[in-house]
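Here the structure is laid out as structure tokens; the discussion comes afterwards.
The values are calculated or read from the model by the stated rules, or taken from the named source; none is laboratory data. These numbers come from a predicted model, not from an experiment. Neighbour counts are summed over all protein chains in view; Cβ atoms, including those assigned to glycine, are modelled from backbone coordinates with ideal geometry.
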């Protein structure tokens, strides 16, 4: 048995488990490939301070698909191209704590590996760095047994772009419309990235343009050190062993965010009360024993430490999110909230929630400019891939992590869990037990973090860490309160309209009856009816002003 | 930017993403650690042909847990211990197609890595190979930056076991009762492994014994070659390049299962019609061009090839599964089915489905030995962690893959998907739209395969590949038909009991009325009533014999 024990290359592992990377079915593989390339393009542009302009082209011929994604990013230096596209677990984003779309160094090489597996074709890359005279062109595949890139052809060529990258992939794919389509992915990407301009050419040759609504790039997220809360003991010990600091005080201040001299001294003081062996601010990190480290770990949890810095996280922003929603979907009522930053396992994160409720005109009644109630003309429901549910359907969830839409694995996502665990009946919605609420509504949730804990390497759902669940729920509650207020108002308008219609219908009869009973003249009768109408109108107006 | 591009060690990757391996919360981490150790123990015993006897001990002190798992397996040779326990992606099961619990070479080292991360303690291993005088003892941790084992202490010692392995882990853990407890994991393991004997000592020091119900080991699954259906073109090309065969004919016969000379010649013949370039049975595999390989790939899908061999898969078996269910849970009605083997992506698999319905006595009426209907005494519902749902709850799912119970990620599992997509109303059950049916019922599904496609490295759910979904649904339908028959019979018994009670109540009145109308004597009246009763009884009996 012993002789059969062998090392497993990470590429072999993921080749056999390609569904872990999002390449299980041809339809999903196609969307995943587009997503990985677009995510990379966006990260590269933003990091270089360039307003992203991306073109996506998909063609599909009897089960064989071609995806071309081209960006105006900074380009990739020739020496790095092969490894970036032809090696799993290679990249610049894993070893730092900084908000970005990619983080694992796997996505685009995985797309390449899938193409290689299904149609046997390498990736075709052209990239030009600003200032270089020529662009580099390369065909790259992965040697899966060694997880190393194989370069097939390589040359320099003229390219009309001053800088940018173009990647072309062929694979077994299946183009489809609907909620899991390239269109929906791009549409949602446009919502979360209002500074992005996309041109999309679909397999029928039709072009779709998503125009940017702002020329302002989002601020660049700061790179940070881990927050001391949530650092595991074992990681603390590893950090103590690897630090360049030569004192415990220096270690705490240098290796963590939110720890100043004063907080560090406090931690060391509290740690002293937890351990028999002395600990001082001048203790050498590498000479700290296991029990002392354990005491230090306990002390950190007991010390009051500032909340994480927020400049490491760049939320979309309430205004931008509202603009994006207004641009891409039509609804009767919008609300949005950005929560303050929090942390899980030492990683800062921030949650944004938005709700879009009702088909336009869905409420059926409105107050017109003169203050009178009137029936509202229901507008045509917009065609195509609508992001708002029908009124007898579960609400649509628009899930985002670091500005990337999550299209698959909804059932296992922290966002879904938070929505189903929220009591929507309390806010006036119908909700089957343990399910999503049923309403003509879309709920958008964005989780931004320096490290998003995805439930699998395909990055399709967020792991429900308790701290993350809690923040999403708080955001949902805030939006739900505002929605409930809107719905109450709608209900009032409705009731009032009904009442008014009813009264208007009977007012003449009441007048006639009063005339009989009180022996009024016709003029007296009409004036009484008018007065009644006025009184009823005033009471309604007061009611309306109430909330 | 280029200078920051770096390689990411697989251990670092999973350390940062420890939830991918099932170590997100302390409660789950504890169960996962037990599971990984028990899975390994079972695999080792069965591979060596030893009836497994396993002891599990869990202790829990203020958030710090200790897990000890000991087996009577074949033991591990000293030179392999460190790598098996201290390196991710290392093992004997990845590179072969053969049904086993472990397949990735990650589980137990991941548990060690988690312990190291949270409490800073290495794994403690003792192992003795049969025939060796002494056992080897080792403390092993992982150097995560290099994904290599670190051995801390190592010695030879006397051990009373002739052969076996003992692993002791310390970690941040939280012991809990309920559906995600160590007890439930072990109970379900006992159901799926009737040849297994487990002793479990919980943190309160209480011992629980799961006694084996058979002394027969399951037959050893054969190791196989991939089935040609579902092999991707890229993989085919890779296989052509790596084969030792020097002719195409030899390649097809040697590298695939279910392909004999005749089938291989047929494939080559069909491939010839798809490609301009000639292909013969004597073509050298390494000289086959891309277009020819593509033609070969197409030809394979068009050729009729035998279904996969079934000796590579060892289902639990209908009888054993029924025995296991009877032993561990009480219900009114049991049914079980084992589907024939099928394949996805070239990997053979087989599905077993069982249903346990109703609390004992739940139907309320039964036919007694004399053929008469009578009220049935409802038995006490069994206490503790019951595996059958209450009658107003969604059914309980007992999910298994290669005899291992799956406790987490139910929502994203192919088994859950298949159950919710089955129309249970057609079989007489209540089922909210898109949900699990609501009934006092447990559904057990076992998927056995030479390669189970899990949705994440923690192996908690099965990826819903279409072929797998289909087979599970067919199994469910078969069981559901039998259940529907049982339910119809129950309903009939009920209706009949009601009718009989009703008639019995009114028969004397009918007699009296007849006496009045027909002027019968008392004796005639009584005889008429008796005859009526008989006639009605016969019609009922006939009815009962009908289905």
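Kindly check whether there is at least one residue in segment A:368-384 that is at pLDDT 65 or above, farther than 23 Å from residue A:501 by Cβ and under 24 Å from the mean Cα position of the chain (by Cα).
no
When you look at residue B:40, is it over 30 Å from residue A:49 (Cα atoms), more than 11 Å from chain A (Cβ to nearest Cβ), modelled with pLDDT of 90 or more and under 22 Å from the mean Cα position of the chain (by Cα), yes or no?
So residue B:40 fits the description; yes.
Given the condition touching a residue at least 40 places away in the same chain (Cβ under 8 Å) and in a helix (DSSP H, G or I), answer yes or no: does some residue in segment B:500-516 qualify?
yes
I'm trying to understand the selection: among the residues of segment B:145-173, which are in contact with a helix residue (DSSP H, G or I) (Cβ under 9 Å, 6 or more places away or on another chain) and within 18 Å of residue B:70 (Cα to Cα)?
Matches in segment B:145-173: B:156, B:164, B:165, B:167, B:169, B:170, B:171.
Need at least 1 residues that are more than 13 Å from the chain's Cα centre (by Cα) per element, so show me which strands (runs of 3 or more DSSP E) inside segment B:393-492 make the cut, counting only ones lying wholly within it.
In segment B:393-492, the matching strands (runs of 3 or more DSSP E) lie at B:396-401, B:441-449.
Looking at segment B:428-440, which of the residues that are surrounded by 20 or more Cβ atoms within 10 Å (Cβ to Cβ) and either modelled with pLDDT of 95 or more or under 22 Å from residue B:461 (Cβ atoms) (or both) is farthest from the other protein chains (Cβ to nearest Cβ)?
Of everything passing the filter in segment B:428-440, B:437 is farthest from the other protein chains (Cβ to nearest Cβ).
Out of the residues in segment A:68-93 that are over 22 Å from residue A:114 (Cα atoms) and free of Cβ contacts under 8 Å to residues at least 24 places away in the same chain, state the one that is nearest to the other protein chains (Cβ to nearest Cβ).
Restricting to residues being over 22 Å from residue A:114 (Cα atoms) and free of Cβ contacts under 8 Å to residues at least 24 places away in the same chain, the top hit is A:92.
Within segment A:462-479, how many residues turn out to be crowded, with 24+ Cβ neighbours inside 10 Å and within 14 Å of chain B (Cβ to nearest Cβ)?
Residues meeting the conditions: 2.
Within segment B:497-513, is even one residue at pLDDT below 90, in contact with a strand residue (DSSP E or B) (Cβ under 8 Å, 6 or more places away or on another chain) and outside the structural domain of residue B:334 (by TED's automatic domain parsing)?
The answer is yes, given that some residue of segment B:497-513 is at pLDDT below 90, in contact with a strand residue (DSSP E or B) (Cβ under 8 Å, 6 or more places away or on another chain) and outside the structural domain of residue B:334 (by TED's automatic domain parsing).
Any residue at all in segment B:62-74 that's outside any helix (DSSP H, G or I), at pLDDT 90 or above and closer than 14 Å to residue B:149 by Cα?
no
Among the candidates A:444, A:487, single out the residue that is surrounded by 22 or more Cβ atoms within 10 Å (Cβ to Cβ) and either more than 14 Å from every other protein chain (Cβ to nearest Cβ) or free of Cβ contacts under 8 Å to residues at least 60 places away in the same chain (or both).
Result of the check over A:444, A:487: A:444.
I need a count of the residues in segment A:320-337 that are within 18 Å of residue A:403 (Cβ to Cβ) and touching a residue at least 60 places away in the same chain (Cβ under 8 Å).
Result for segment A:320-337: 10.
Return yes when residue A:283 is more than 32 Å from the chain's Cα centre (by Cα), over 30 Å from residue A:358 (Cα atoms) and modelled with pLDDT under 90 and no when it is not.
The answer is no for residue A:283.
What's the total number of residues in segment A:177-226 that are touching a residue at least 40 places away in the same chain (Cβ under 8 Å) and closer than 16 Å to residue A:71 by Cα?
Matching residues across segment A:177-226 total 13.
If a residue must be surrounded by fewer than 20 Cβ atoms within 10 Å (Cβ to Cβ), in a helix (DSSP H, G or I) and touching a strand residue (DSSP E or B) at 6+ places or on another chain (Cβ under 9 Å), how many such residues does segment B:9-55 contain?
Summing the residues that are surrounded by fewer than 20 Cβ atoms within 10 Å (Cβ to Cβ), in a helix (DSSP H, G or I) and touching a strand residue (DSSP E or B) at 6+ places or on another chain (Cβ under 9 Å) in segment B:9-55 gives 1.
Among the residues that make up segment A:133-152, is at least one of them in contact with a strand residue (DSSP E or B) (Cβ under 9 Å, 6 or more places away or on another chain), away from chain B (no Cβ under 12 Å) and without any contact (Cβ under 8 Å) to a residue 12 or more places away in the chain?
The answer is yes, given that some residue of segment A:133-152 is in contact with a strand residue (DSSP E or B) (Cβ under 9 Å, 6 or more places away or on another chain), away from chain B (no Cβ under 12 Å) and without any contact (Cβ under 8 Å) to a residue 12 or more places away in the chain.
Every residue in segment B:229-245 that is modelled with pLDDT of 90 or more and more than 14 Å from chain A (Cβ to nearest Cβ), please.
B:243, B:244, B:245
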